[in-house]
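Peer 1: Just dropping this structure here.
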Amino acid sequence: MKKKLEITLPEHLIKRLQELPETGMGYQVVDFELKNGTILKSVTVLNSSIALLDKDMDVSEIVKVELSKSD
């Protein structure tokens with residue numbers, strides 16, 4: 001299994017995530033909407049502050065975060 005990159009989120013996203021319920025103990029599964037309209041689905045975030053991603057990205061591109069909808 002490929003190791004995920006741990007990306008620290010900016011303070012405004014951390015505050016938003018702290019307002020949302022946890023998916024499980026100490027983590028959330030969220031969708032990020034980027035400035036270009038791309039949606040990154042089912043991103044695991046630890047402690048409302050560290051996103052586990054497949055590749056590096058500029059977190060300033062994130063404009064919206066919501067809990068992932070379970071299908």
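Bear in mind these aren't lab numbers, they're just calculated from the coordinates by the rules spelled out. The model shown is predicted, which means the values in this text are computed figures rather than measured ones. Positions of Cβ are backbone-derived with ideal geometry, glycine not excepted, and every protein chain shown enters the neighbour counts.
Peer 1: Run the numbers for Leu67 and Lys15: contour at 0.36 nm per residue of separation, minus the present Cα-Cα distance, in nm.
Peer 2: Extra length from Leu67 to Lys15 when fully extended: 17.3 nm.
Peer 1: In this model, which of Lys35/Lys55; Lys15/Lys64; Lys3/Lys64; Lys41/Lys64; Lys2/Lys64; Lys2/Lys41 are farther than 21 Å apart at the alpha-carbon?
Peer 2: Lys3/Lys64; Lys2/Lys64
Peer 1: Near Thr8, within a Cβ-to-Cβ distance under 15 Å, what is the net charge of the other residues, with Lys and Arg +1 and Asp and Glu -1?
Peer 2: So the environment of Thr8 carries a net charge of -2.
Peer 1: Go through the chain and name the trypsin sites (Lys or Arg not before Pro) that are in a DSSP coil and have 16 or fewer other Cβ atoms within 10 Å of their Cβ.
Peer 2: Taking the chain and a limit of 16 other Cβ atoms within 10 Å, the loop trypsin sites (Lys or Arg not before Pro) found are Lys2, Lys3, Lys4, Lys35, Lys55, Lys69.
Peer 1: A further question follows. In percent, what relative contact order does the chain have, based on Cα pairs under 8 Å that are 6 or more apart in sequence?
Peer 2: Across the chain, relative contact order equals 40 percent.
Peer 1: Want the number for Asp54 to Lys35: 0.36 nm per residue separation, take away the alpha-carbon distance, what's left?
Peer 2: 5.0 nm
Peer 1: Same structure, new question: With a sphere of radius 15 Å drawn around the Cβ of Val45, what net charge do the other residues whose Cβ falls strictly inside it have (Lys, Arg +1; Asp, Glu -1)?
Peer 2: -3
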